[in-house]
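Worksheet: one structure, shown below.
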Amino acid sequence: VQLQASGGGLVQAGGSLRLSCAASGRTFSTGTMAWFRQAPGKEREFIGGFRGSGYRTYYADSVAGRFTISGDKSKNTVFLQMSSLKPEDTAVYYCAAAYSGGYFYSAKQYGYWGQGTQVTVSS
């Protein structure tokens with residue numbers, strides 16, 4: 001199983017960016033895929049998740065209203081649309097997947113991880 005995250009880059013504060021995470025080798029259509037981020041010197045932080053059953057999404061309070069997760073189950077891919085970006089959003093963003101479906105907020109609940117993509121927001 002591989003998760004391939006892409007779409008990171010440098011953006012100015014207030015701008016937008018869209019990340020993608022494509023899973024291969026196993027379907028997560030009934031599982032949960034999620035996004036985390038980790039800034040230097042900080043712990044990995046949950047951002048939001050996508051449950052394949054019912055296309056349900058859920059978010060951390062820190063990004064609710066600015067970030068939107070969506071999914072394309074036919075392509076085993078989830079997206080993270082980020083808007084109104086702030087310098088404090090600068091981090092390496094990781095996608096993760098769990099074969100079982102649920103509202104999982106802890107990194108320990110995900111068995112599969114992508115390699116991470118850097119997002120840098122300049123002020």
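Need one value: the accessible area of residue 42 in square angstrom, 1.4 angstrom probe, rounded to the nearest 10.
140 Å²
When the convex hull of the C-alpha atoms of the chain is computed, what volume per residue in Å³ does it have?
With only Cα atoms used, the chain gives 87 Å³ per residue.
Using alpha-carbon pairs under 8 Å, 6+ residues apart, how would you state the relative contact order of the chain in percent?
36 percent
Quick check for you: with a 1.4 Å probe and neighbouring chains kept, what is the accessible area per residue of region 1-105, in Å²?
On the way: 5010 Å² over 105 residues.
So region 1-105 comes to 48 Å² accessible per residue, rounded to a whole number.
Rounded if a/c is under 1.5, else prolate if a/b beats b/c, else oblate: with a ≥ b ≥ c from the C-alpha gyration tensor eigenvalues square-rooted, which is region 1-50?
Note, shape of region 1-50 comes out prolate.
Determine, from the Cβ-Cβ distance of residue 107 and residue 74 and an R0 of 22 Å, the FRET efficiency 1/(1 + (r/R0)^6), rounded to the nearest 0.05. Numbers along the way, then the final one.
Values: r = 27 Å, r/R0 = 1.23.
Between residue 107 and residue 74 the formula returns 0.20.
Residue separation times 0.36 nm, minus the C-alpha to C-alpha distance between residue 2 and residue 18: what's the value?
On the way: separation 16, 0.36 × 16 = 5.76 nm, distance 1.98 nm.
Additional length available on full extension: 3.8 nm.
Just to verify a number: FRET efficiency for residue 83 and residue 43, C-beta to C-beta distance, R0 = 25 Å, to 0.05?
0.55
With a 1.4 Å probe and every protein chain kept in, tell me what percent of the accessible surface of the chain is carbon plus sulfur.
Roughly 47 percent, rounded to a whole number.
Over region 4-68, what is the mean sequence separation of C-alpha contacts under 8 Å (at least six apart), divided by residue count, expressed as relative contact order in percent?
Reported as a whole number, the value is 21 percent.
What's the center-to-center distance, using Cα atoms, between region 71-123 and region 2-18 in Å?
Value for the Cα centre distance between the two parts: 10 Å.
Just add up the charged neighbours of residue 75: K/R +1, D/E -1, any other residue whose Cβ is under 15 Å from the Cβ of residue 75.
Value of the local net charge: +2.
The values are calculated or read from the model by the stated rules, or taken from the named source; none is laboratory data. Since this is a predicted model, take the numbers as computed values, not measurements. As a convention, Cβ positions derive from the backbone with ideal geometry for all residues, glycine included, and neighbour counts pool all protein chains shown. Ligands, DNA and RNA are excluded from the accessible area calculation, which covers all protein heavy atoms including side chains. Shrake-Rupley method; radii C 1.70, N 1.55, O 1.52, S 1.80 Å.
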